[in-house]
Amino acid sequence: MSSRYYFCTDVSSEFCVIRRLILLAHPTSTKIREVSTLTAVPSLPTFTDIRSKMSDFCHVIIFAHGWIGSSHDLEELSGSLYKHSEQVSKEGDVHVYVTTVNHDQTTLGIDKGGKNLANEILELFKGYNGCRISFIGHSMGGLFARFAIGELEKVDFFSKVKPINYVCIATPHSGVGAIGWNIYENHLKSTFTGYAMDKSGRQLNLTDKDGHIPLLLEMSNTGSCYYQGLERFSRRLLLANTTNDLAVHYESASLFLIGDSEGDLIYGDDSIVMRKKFLSANDKSTIGDSTTDPVAIRQNLRTLDWTLVSITVPGMFANAHNDIVVRRKTPHSVGYKVFQQLN
């Protein structure tokens, strides 16, 4: 195994997210309940539920699912955080909302999904001031969130609502192409995404130029509302699978550039390895061919500070893309082990 692929996995990242968000909202909380208490996930609150419980100065954490996904994909992750929200109430109420606005619409475009999400958020926060907001997006849900952030930036939303965390889990920031994939693998993947994923697939393939630049490149430009809105967040966290993620390659999810080094080992055994590092906007040691759109996207986004957790889940039958969010309790349970190590 090359050093580049001996990184951390998305699976642990999901639980890294929970712990970080809880500690952010409640700095005095140093321990979360044992993993055994996470097995029973409560019914997640609806839009109406959240609206009825919100108040000024509350913190709302928005979860966004990915392609052909649903709120059920994030039940374990969001439910675990929701179940422990009473522990973080000293700085105001914390509410967890898994958006459903893009059910059955994920092939219609990242822009369409992002606008749907932005409109729902505007309606959710209508009439409230001083609140805080965080985003956790899985796979393409991380792109929906970034587009929504840009739309919210356009209407000066963040002057009334404070942005806290932007967390993306196995998100294809620079599309579905990857360094090191052979031409046949790239062709097969681009053909599938281009046809099966319709407009969203063309955007992920960076073939949606239509006389302009690809949407993902536009969203990364430092002068765009999407970049400027993202820049406002106090923390930006990347969770990327180094192996066994057939949907999103590591380079795209981790904003990888040549010259990147491994992070610090935070946990490792036969079933999972996790490494963490800080990606500084001032790091000049990384290089890339910015004449290619995927690398240009990553270089643009790397002008912001990020924290990266790289996760390696070995095994012939591992499905890291879903493992990272414990999409189903069985067999995707390795994430619980990560959560336990972070307590």
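What follows is calculated from the coordinates using simple rules that are stated; it is not laboratory data. On a predicted model such as this, the values are computed, not experimentally measured, just so you know.
Some points to look at:
- Full-extension gain in nm, residue 258 to residue 317, via 0.36 nm per residue minus C-alpha separation: 18.3 nm
- Checked against a 24 Å cut-off, the cross-linked pairs 53/112; 115/160; 209/277; 126/209; 162/284; 115/209 give Cα-Cα distances beyond that limit for 53/112; 209/277; 126/209; 162/284.
- If the chain linking residue 281 and residue 46 were pulled fully straight, counting 0.36 nm for each residue of separation and taking away their Cα-Cα distance, it would gain 80.8 nm.
- For the range 214-253, the convex hull drawn through the C-alpha positions has a volume of 78 cubic angstrom per residue.
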